[in-house]
Amino acid sequence: ADTRIISATNRNLPEMVKEGSFREDLFYRINLITIRMPALRERIDDIPLLVVHFADLLRKQNGLDEIEISAEAIAFLQKLPYPGNIRELKNLVDRTILVSGKSVLSDEDFKAQYVEIPAPSSPQSPVRSLDEIERNMIRRAAELYGNNHSKIATALGLSRQALYRRLEKYGIRLPE
């Protein structure tokens with residue numbers, strides 16, 4: 001079979017290979033052509049075109065009247081950080097159009113629908129990564145079930161193979 005794989009990531013794979021957190025052989029298998037796509041916050045000049053495009057798509061899909069976006073609204077949208085990238089912008093545009101029901105949208109309409117996720121205030125933030133939580137759950141299950149792989153996998157809702165992949169991912173060694 002002749003296949004092509006197209007993949008995308010927001011991670012630095014060469015750095016992860018160097019750290020040992022991404023398989024080197026897999027990196028070389030998938031790394032034929034690399035295209036760096038800058039984040040939306042690095043190309044704010046694209047925001048007006050994207051907003052009009054998303055508004056037009058939603059309008060056509062829902063049979064809505066023409067939608068106009070004010071210059072103040074575009075200026076507001078260009079100031080946002082967009083940690084969710086283009087999906088975040090699209091969702092904000094869609095949500096604002098659908099909730100407001102207006103044909104002319106102002107910056108106030110977008111401000112009313114914008115959901116800001118505050119950045120952690122310090123390295124000791126109470127928010128932990130999903131990887132950290134998963135790693136701790138595996139260790140806790142291992143303590144509870146005396147390193148019995150079948151019981152640990154069942155308790156975590158995983159197959160044994162999935163458990164083994166996670167053990168390898170997190171560098172956890174359990175006695176057999």
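What to note about this one:
- Ranking of M137, M37, M16 by solvent-accessible surface, largest first: M37, M137, M16 (1.4 Å probe, protein heavy atoms only, all chains present).
- Percent accessible area from carbon and sulfur atoms, the chain, protein chains only, probe 1.4 Å: 52
- The range 34-74, accessible area per residue, ligands and nucleic acids excluded (1.4 Å, Å²): 70
- Under the criterion of Cα pairs below 8 Å and six or more residues apart, the relative contact order for the range 53-176 equals 19 percent.
- Seen against the Cα atoms of the chain and their longest principal axis, helix 130-144 is set at about 30 degrees.
- Sequence-distant residues sharing a close amide H with E68 (under 5 Å, placed H): V104, L105
- When the convex hull of its Cα atoms is viewed from all sides, the chain shows a mean projected area of 16.0 nm².
- Charged neighbours of I5, selected by a Cβ distance under 15 Å, balance to +1 (K, R count +1; D, E count -1).
- Here the extension length gained between E19 and R128 equals 37.1 nm, from 0.36 nm per residue of separation less the Cα-Cα distance.
- Heavy-atom accessible area order for R160, R166, largest first, 1.4 Å probe: R160, R166
- Extension gain, A75-E42: 0.36 nm per intervening residue step, less the Cα-Cα distance, totals 10.4 nm.
- The mean sequence separation of alpha-carbon pairs under 8 Å and at least six residues apart, normalised by the residue count of the range 34-92, gives a relative contact order of 43 percent.
The values are calculated or read from the model by the stated rules, or taken from the named source; none is laboratory data. Just so you know, these numbers come straight off a predicted model, no measurement behind them. Neighbour counts are summed over all protein chains in view; Cβ atoms, including those assigned to glycine, are modelled from backbone coordinates with ideal geometry. Areas reflect the complete protein model, heavy atoms only, side chains present, ligands, DNA and RNA absent. Shrake-Rupley method; radii C 1.70, N 1.55, O 1.52, S 1.80 Å.
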